[in-house]
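So the structure is just underneath, and the comments pick up after that.
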There are 2 protein chains.
Amino acid sequence: MRGNLFAVAVDLVILTVREGVLSTLLVRRGVAPFLGELALPGGFVLPHEDLLDSAARELVEETGLTITGHHLEQLASYAAPDRDPRGRVLSVGHLALVPDLPEPQAGSDAAASAWYPVAEVGHLAFDHDRILAAGVERARAKLEYTTLAATFCPPEFTVSQLRGIYEAVWGTELDPRNFQRKVTNTPGFLVPTARKVSTGRGRPAQLFRRGEATSLHPPMLRD
Amino acid sequence: MRGNLFAVAVDLVILTVREGVLSTLLVRRGVAPFLGELALPGGFVLPHEDLLDSAARELVEETGLTITGHHLEQLASYAAPDRDPRGRVLSVGHLALVPDLPEPQAGSDAAASAWYPVAEVGHLAFDHDRILAAGVERARAKLEYTTLAATFCPPEFTVSQLRGIYEAVWGTELDPRNFQRKVTNTPGFLVPTARKVSTGRGRPAQLFRRGEATSLHPPMLRD
DNA sequence: CCAAAAGTGTTTATAATACACCCATGC
DNA sequence: GCATGGGTGTATTATAAACACTTTTGG
C-alpha cells in the first residue's frame, strides 16, 4: 500500500423549508481551524464505518432525526491539497432533505447549530460553500424529475404545502390549479389519507402521504 | 486530527461507443489482490494531487487522451470497510466519455487494458462493478438533458454518427428524420462545418462540431 | 352573504410523433 | 435508373398553460 494517507470526513448539507424559505443547518465552529466561523455539520469517519452510515450518524447527532423516511444521499468528494490547514483531509459531501423541524435546543449536542436561509449564507469554513452550492443545485435538479419534494413535508401534508416546497426551492410561483392536477394525476406520487385539514380560511384540504413512485415523467418544471 | 486514515484511490469508468456498442476500458490486474481479474483503470492519489487531476493523469496513462475537449467528471466515493483486503481504501469513481479509439497497443503503459462491451462485463475486482453500473447509469441520464453525446464523437461528425451514440447508449431506435431536426434546431448543440462527407452510399452528410451549449431543453428522451 | 382556499372542466397554444416526400450520391 | 442514406415539410396527436367555474369552509 502507499504511504500518502488521508483523513476522511463527511459533511452534510441538511436542507428544509421553513416559513417558505429554503434553509440549511449550520454550526458555529468551537475549535480551530476556522474557530467561530460557520460550517456544515460533519465529522470524521470512524474506523469501521461506511460513508452513508457516518453521514446518518451525524444527521442524528445534529437533528435527532433517523433516516427512516427521510432522504440522505452522497453528493461528491472534495480533496484539494490545501483545503484543510491540518493536513490532507478528504471530505465526502452529503445531502439530506428533512421536514421543518423546531430550532435546535440549547444544551443539546447540537447547541451551536441553527437554521439559516440558503440565500443569506455567506462564506463558510473550509470549502463548505462549494459543498453547500452543490447540495442546493442537486436538490433543485432532483425536484424536477423525482418525487423528492415530499421528503421536505411532514408525514401527512396537503397539495398546497407540497406546492410551497417547489416554490421555495425554485423561487418561482406555480399555478395552484394546474399544480394540483399534475401531482394528483401522477401515479404513485401521492396517497390520499382518510383525513382533511382545515387551515383557518377556505375549504379544507385533502391530506396525503408519500407514494411509492420516485421518478417523475414528465418532469415538473418546463424551462 | 484523528488517527484513522485512509488510502485514497481514483477509479475510472471510461466509456466509448465502438461499432454501435457501448464499451468500457478494463485492465487485467497484474498484482494482488484480485490478481488476474478485470478491474477499472485507476490508482492512488499522489501527495499533492487533487482528485480530478489524479483521474486526468490516469486517463492519459490509459488512453493517451488529454482532457481537452473530452469529458471527465466525478461519480461517487466508495469506502465500505471491507472493500479492499489490504486495509481501508476510499475510491473516488470518475466517469470519462471518449471518442472511439484504437485498441490499446501491446508494449505501451496500458498493455493489460482492452475495450469490453458494457453488456458483457461480468464480475470485476473490488466493488468495481458497482462503480461501472453507476457510471453507465449517469451517462444514460446525462444524455437525456445535456449535449454530452457529442463527446463520444470525433471532433467532426455527422448527425447519423450522433444518433448512433444515443441508440447505442440507450438501446433504442430513433427516427432519423425527427432526430435530425431535434438536434439541428437546438441552439448551440451543433456547429456546421464547411465540409460534407460521403460514406459510400447515399447523399453526403453535413459535418458538425460540438457547440457551446451544455444543457438540453427539452430533454432528448420522452419516457 | 362574503372572502378565501380547494378542487374541476374547458379552451388554447405548443410541442412531439408519424410519415410523405425531395435531394444527392455510388453503382 | 435505382438503391441508399441525408434532409425538409406537414398533418396528427399529445401535452402544458391559462383561466372560468364550482365546492366547502370561517366569519
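The values are calculated or read from the model by the stated rules, or taken from the named source; none is laboratory data. For clarity, every value in this text was computed on a predicted model and none was experimentally measured. All Cβ positions, glycine included, derive from the backbone under ideal geometry; neighbour counts span all protein chains shown.
Brief remarks on what is shown
- Per-region count, the range B:181-215, residues more than 9 Å from DNA strand C (Cβ to nearest atom) and either within 19 Å of B:Glu144 (Cβ to Cβ) or of a type in the set (Lys, Arg) (or both): 14
- Selection count, the range A:1-17, where residues are modelled with pLDDT of 95 or more and of a type outside the set (A, V, I, L, M): 3
- Hits in the range A:49-66 - residues which are within 13 Å of A:Leu26 (Cα to Cα) and under 13 Å from the mean Cα position of the chain (by Cα): A:Leu59, A:Glu62, A:Thr63
- Enumeration of residues in the range B:183-208 that are surrounded by 11 or more Cβ atoms within 10 Å (Cβ to Cβ), at pLDDT 90 or above and of a type in the set (S, T, N, Q): B:Thr184, B:Thr186, B:Thr193, B:Gln206
- Scanning the range A:179-206 for residues that are near DNA strand D (Cβ under 10 Å from one of its atoms) and under 23 Å from A:Leu22 (Cα atoms) yields A:Phe179, A:Gln180, A:Lys182, A:Thr199.
- Taking residues in the range B:197-216 that are aromatic (Phe, Trp, Tyr), and partners anywhere that are outside any loop (DSSP other than H, G, I, E, B) and more than 9 Å from DNA strand D (Cβ to nearest atom), the pairs with Cβ atoms closer than 8 Å and at least 6 places apart or on different chains are B:Phe208/B:Phe157; B:Phe208/B:Leu162; B:Phe208/B:Leu190; B:Phe208/B:Val191; B:Phe208/B:Thr193.
- Filter result for A:Ala119 (within 15 Å of the chain's Cα centre (by Cα), farther than 21 Å from A:Gly42 by Cβ and loosely packed, with under 14 Cβ neighbours inside 10 Å): yes
- Wholly enclosed strands (runs of 3 or more DSSP E) of the range A:17-91 bearing at least 2 residues surrounded by fewer than 19 Cβ atoms within 10 Å (Cβ to Cβ) and not hydrophobic (A, V, I, L, M, F, W, C): A:71-78
- Count - residues of the range A:166-180 that are among the hydroxyl-bearing types (Ser, Thr, Tyr) and under 14 Å from A:Leu148 (Cα atoms): 1
- Subset of the range A:117-153 (residues that are assigned to a helix (DSSP H, G or I), under 17 Å from A:Gly164 (Cα atoms) and among the β-branched types (Val, Ile, Thr)): A:Val118, A:Val136, A:Thr151
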